[in-house]
1. So, for the chain, what is the accessible surface per residue at a probe of 1.4 Å, expressed in square angstrom?
2. Which cross-chain or sequence-distant (5 or more) residues have an amide H under 5 Å from the amide H of Asp13, H modelled 1.01 Å from N in plane?
3. Kindly provide log₁₀ I(q)/I(0) values, in the same order as q = 0.22, 0.23, 0.24, 0.27 Å⁻¹, from the Debye equation applied to equal alpha-carbon scatterers of the chain.
4. Amide H to amide H under 5 Å from Leu56: which residues, 5+ apart in sequence or cross-chain, H placed 1.01 Å off N in plane?
5. Along region 30-47, what does the Karplus equation 6.51 cos²θ - 1.76 cosθ + 1.60 (θ = phi - 60°) give for ³J(HN,Hα), rounded to whole Hz, x for Gly and Pro?
6. Ignoring any ligand, DNA or RNA, what whole percent of the accessible area of the chain comes from carbon and sulfur when the probe is 1.4 angstrom?
7. Rounded to the nearest 0.05, what FRET efficiency do Ala68 and Arg25 give with R0 = 22 Å and r taken as the Cβ-Cβ distance? Could you check?
8. Mind listing the phi-derived Karplus ³J(HN,Hα) values for region 8-17, rounded to whole Hz, using 6.51, -1.76 and 1.60 with θ = phi - 60°, and x for any glycine or proline?
Amino acid sequence: MKKTLIMQFNRSDGRTSELVIADPREDIAPEEIRALVNKIVTTKFFIVNGAQLVSLKTAFIRTVDDAAIV
């Protein structure tokens, strides 16, 4: 089973961008995600096509279970 933490950000140009982190810790807390998002937004760490990440749209864990059929 594969897990990824997906954070979708609103950008200053009205579009959205995703930051995807593979294999997040099992015990990651919402407060930790909020702190990371706050640091990313306030430091303007990522600029995407000239647009800044301005706020978090959503964050979630995606779980994918591969099942071989052959």
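1. On the way: 5190 Å² over 70 residues.
Here the per-residue accessible area is 74 Å².
2. Gln52
3. One equal scatterer on each Cα of the chain leads to -0.94, -0.99, -1.05, -1.22.
4. Asn10
5. Using θ = phi - 60°, the values come out as x, 4, 5, 5, 4, 5, 5, 4, 4, 5, 4, 6, 6, 8, 6, 5, 10, 10 Hz.
6. Working: 2750 of 5190 Å².
On the chain, the fraction of accessible area on carbon and sulfur atoms equals 53 percent.
7. Working: r = 27 Å, r/R0 = 1.24.
So the FRET efficiency works out to roughly 0.20.
8. Working through the residues one at a time gives 9, 10, 7, 9, 5, 9, x, 9, 10, 9 Hz.
The values are calculated or read from the model by the stated rules, or taken from the named source; none is laboratory data. Nothing here was measured: the structure is a model prediction, and the numbers come from that model. Neighbour counts run over all protein chains shown; Cβ positions are idealised from the backbone, glycine included. Side chains are part of the model used for accessible areas, which takes the heavy atoms of the whole protein and leaves out ligands, DNA and RNA. Shrake-Rupley method; radii C 1.70, N 1.55, O 1.52, S 1.80 Å.
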